[in-house]
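Chemist: Here you go, one structure.
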Amino acid sequence: AQSVTQPDIHITVSEGASLELRCNYSYGATPYLFWYVQSPGQGLQLLLKYFSGDTLVQGIKGFEAEFKRSQSSFNLRKPSVHWSDAAEYFCAVGNSNYQLIWGAGTKLIIKP
Amino acid sequence: DTGVSQNPRHKITKRGQNVTFRCDPISEHNRLYWYRQTLGQGPEFLTYFQNEAQLEKSRLLSDRFSAERPKGSFSTLEIQRTEQGDSAMYLCASSLAHANEKLFFGSGTQLSVL
């Protein structure tokens, strides 16, 4: 069955510390991979996407993600988080940009 | 570019009533999408339009749900005879009509069915 797992419901990180959010997927073929961020009262915003090519993709706001086919993972990273990064982060996979299988999200909490 | 606008932001209704939500996409975007999101979950695709044509509809979409985009600009999503299970955030997104174009999401309409 096709699925996306974000194993961490919440993650708490100190401001300035590094961040890694995990995403594992089960999909029949090599999927398109996405990370979205959702802040309270705001719409989902695309951080980055992977379709093909270089497996390390750079996104907006200093985020990057690495596609590891052997591990069926697409983890999101940021070297130094800012208080404004507090939000909910969603990983999604699919064969188009709109028909996606979404993870349940990881809520990021930033400690001052 | 004012982004994707959705109205109302919140809707509380009684079970059995009909509700209608509106989405105004980014003006030059040909494609418009509707999603539903429940607490603790990612969005679930409902349907999408290219201009005024409804090109795809989720098999999970009950026949109580109908969406229109009559002039290829704004869209409405109507839910007839609402049920408590319809309580969710309804999200609209729009994009240009190129394959895999980036989606821009609105802030959503939060529906509560009592």
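The values are calculated or read from the model by the stated rules, or taken from the named source; none is laboratory data. The structure presented is a predicted model; accordingly, all values stated were derived computationally and were not measured. When we count neighbours, we look across all protein chains shown, and the Cβ atoms used for this are built from the backbone with ideal geometry, even at glycine. Each accessible area value is taken on the protein alone, full model and side chains, heavy atoms only, with ligands, DNA and RNA left out. Shrake-Rupley method; radii C 1.70, N 1.55, O 1.52, S 1.80 Å.
Chemist: Taking a threshold of 27 Å on the Cα-Cα distance, which of the pairs A:LYS111/B:LYS102; A:LYS68/A:LYS107; A:LYS61/B:LYS71; A:LYS68/B:LYS102; A:LYS68/A:LYS111 fall above it?
Modeler: Exceeds cut-off: A:LYS111/B:LYS102; A:LYS61/B:LYS71; A:LYS68/A:LYS111.
Chemist: Next question. Quick one: Debye curve from the alpha-carbon atoms of chain B only, equal weights, vacuum; give me log10 I(q)/I(0) at q = 0.10, 0.20, 0.21 Å⁻¹ to two decimals.
Modeler: With one equal scatterer per Cα and no solvent, log10 I(q)/I(0) is -0.26, -1.05, -1.15.
Chemist: Using a 1.4 Å probe and ignoring any ligands, DNA or RNA, find the accessible area of A:PHE67 and quote it in Å² to the nearest 10.
Modeler: 10
Chemist: Keeping every protein chain present and rolling a 1.4 Å probe, give me the accessible area per residue for the protein assembly as shown in Å².
Modeler: 50
Chemist: Something else about it: What do you get for trypsin sites (Lys or Arg not before Pro) in region B:40-113 restricted to DSSP loop and a cutoff of at most 15 other Cβ within 10 Å of the site's Cβ?
Modeler: Loop-located and lightly packed - B:ARG59, B:ARG64, B:LYS71, B:ARG81, B:LYS102.
Chemist: For A:THR30, B:THR76, A:THR106, give the ranking by accessible area with the largest first, probe 1.4 Å.
Modeler: These residues rank, largest area first, as A:THR30, B:THR76, A:THR106.
Chemist: Based on the Kirkwood radius over alpha-carbon pairs, what value in µm²/s does the Stokes-Einstein equation return for the translational diffusion coefficient of region A:1-84 at 10 °C and 1.306 mPa s? Please list the in-between numbers first.
Modeler: Numbers: Rh = 13.7 Å.
Here the translational diffusion coefficient equals 116 µm²/s.
Chemist: Can you pull the mean other chain C-beta count within 10 Å for peptide A:95-107?
Modeler: For peptide A:95-107, the averaged partner shielding equals 5.
Chemist: Calculate the dipole size of the protein assembly as shown relative to its Cα centre from +1 charges on Lys and Arg beta carbons and -1 charges on Asp and Glu beta carbons; express the result in debye to the nearest 20.
Modeler: Numbers: 23 positive and 20 negative charges, 81 e Å.
Value, rounded to 20: 380 debye.
Chemist: I've got another one for you. Tell me which aspartates and glutamates have Cα within less than 12 Å of B:LYS14's Cα, excluding those fewer than 8 residues away on the same chain?
Modeler: Hits, sequence-local ones excluded: B:GLU83, B:ASP86.
Chemist: Given the whole protein assembly as supplied and a 1.4 Å probe, what does the accessible area of A:SER18 come to in Å², nearest 10?
Modeler: Roll a 1.4 Å probe over it and A:SER18 shows about 80 Å².
Chemist: At 20 °C and 1.002 mPa s, grab the translational diffusion coefficient of the protein assembly as shown from Stokes-Einstein with a Kirkwood Rh over Cα pairs, rounded to a whole number in µm² per second. Could the numbers behind the result be given before it?
Modeler: On the way: Rh = 18.2 Å.
Calculated translational D: 118 µm²/s.
Chemist: Okay, moving on. Can you tell me what share of the DSSP beta bridges in the protein assembly as shown is antiparallel? A percent to the nearest 5 is fine.
Modeler: Close to 90 percent.
Chemist: Which of A:TYR89, A:TYR50, A:TYR98 moves the most in a Gaussian network model of chain A with Cα springs under 10 Å?
Modeler: Of A:TYR89, A:TYR50, A:TYR98, the Gaussian network model singles out A:TYR98 as fluctuating most.
Chemist: Are there any residues in region B:1-44 with a reduction of at least 40 Å² in accessible surface when going from the isolated chain to the assembly of protein chains? Probe 1.4 Å, please list them by number.
Modeler: B:GLN37, B:PRO43
Chemist: In whole percent, how big is the carbon plus sulfur part of the accessible area of chain A, probe 1.4 Å, protein atoms only?
Modeler: On the way: 2550 of 5340 Å².
With neighbouring chains kept in place, the figure for chain A is 48 percent.
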